[in-house]
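The values are calculated or read from the model by the stated rules, or taken from the named source; none is laboratory data. None of these values were measured; they are calculated from a predicted model. Neighbour counts run over all protein chains shown; Cβ positions are idealised from the backbone, glycine included. SASA here: full protein model, heavy atoms, side chains in, ligands and nucleic acids out. Shrake-Rupley method; radii C 1.70, N 1.55, O 1.52, S 1.80 Å.
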Amino acid sequence: MDKLRAKRVRPWDSCDDVQELRRMLSEKDEELVQVLIEKEEQHKKLRQVQLLSDNPAGAASSTLSSKELEQSVKKMLSLIQKQINSQMVYQPSLKHGSAQLTAEVPNISEEMVKCILGADLLAKAKEAPKQLKVDASNEELEGIFGKRFYKRLRFGADLQLSDGLTFLFVKADNHLNVTGSYAMQK
């Protein structure tokens with residue numbers, strides 16, 4: 001052991017390996033700080049989501065102003081539309097049939113669903129103690145969303161909704177489920 005110390009002529013601090021290790025440690029410390037910051041941001045987002053789930057979207061629609069209610073309805077319609085459009089993709093099986101699609105909106109109040117559907121669809125809705133169900137044709141959907149659901153494919157084909165959409169609101173879960181099917185039209 002003494003022989004090792006005797007051979008060492010310069011201090012450990014001046015050794016290149018030690019300096020490299022210190023540099024690596026400082027980089028790892030910086031990475032750790034960044035990870036801790038990201039973790040705290042994720043905790044904040046999680047708390048916000050938990051607060052929103054405790055107070056479902058539109059739960060206080062009677063206290064919302066008409067402008068806020070209108071914005072909430074537009075946001076929900078946009079959410080449903082994005083989910084449906086993202087599922088409408090070409091599949092080889094569409095040459096001879098159709099494909100199913102579904103959109104879900106959790107934690108939504110019954111009042112908000114009624115605002116989304118509008119008076120015309122509510123008039124033909126089947127309301128039971130546990131659920132609210134309505135079938136909307138493509139023309140009725142155009143009135144709600146302001147445009148048709150379709151995607152243009154290459155070579156002149158389109159993906160279009162087959163028979164409109166079915167809105168099913170489960171009252172116990174405050175969950176809106178929108179289902180339908182689409183097919184390829186040439």
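Applying the condition of being under 17 Å from residue 122 (Cβ atoms) and open to solvent by less than 30 Å² (accessible area, probe 1.4 Å) to the stretch 146-170 and asking which residue is modelled with the lowest pLDDT yields 164. How many of the residues making up the stretch 171-186 are outside any strand (DSSP E or B) and closer than 24 Å to residue 123 by Cα? Count: 4.
If I filter the stretch 112-124 down to residues being touching a residue at least 24 places away in the same chain (Cβ under 8 Å) and at negative phi, which single residue comes out as most open to solvent (accessible area, probe 1.4 Å)? Taking the candidates together, the pick is 115.
Could you go through the stretch 75-87 and let me know if any residue there is under 24 Å from the mean Cα position of the chain (by Cα), open to solvent by 100 Å² or more (accessible area, probe 1.4 Å) and modelled with pLDDT of 85 or more. For the stretch 75-87, residues under 24 Å from the mean Cα position of the chain (by Cα), open to solvent by 100 Å² or more (accessible area, probe 1.4 Å) and modelled with pLDDT of 85 or more: present. When the test is whether a residue is at pLDDT below 85 and surrounded by 15 or more Cβ atoms within 10 Å (Cβ to Cβ), residue 94 passes it. Please verify whether residue 67 is at pLDDT 85 or above and basic (Lys, Arg), treating the condition exactly as stated. No; evaluated as a whole, the condition is false for this residue. For the stretch 32-46, indicate whether the set of residues that are modelled with pLDDT under 80, within 21 Å of the chain's Cα centre (by Cα) and aliphatic (A, V, I, L, M) is non-empty. Checked the stretch 32-46: at least one residue is modelled with pLDDT under 80, within 21 Å of the chain's Cα centre (by Cα) and aliphatic (A, V, I, L, M).
Each residue in the stretch 125-145 was checked for being farther than 19 Å from residue 163 by Cα and surrounded by fewer than 12 Cβ atoms within 10 Å (Cβ to Cβ), and 3 of them qualify.
Listed conditions (1) touching a strand residue (DSSP E or B) at 6+ places or on another chain (Cβ under 7 Å); (2) under 13 Å from residue 177 (Cα atoms) are all met by residue 81, apart from (1).
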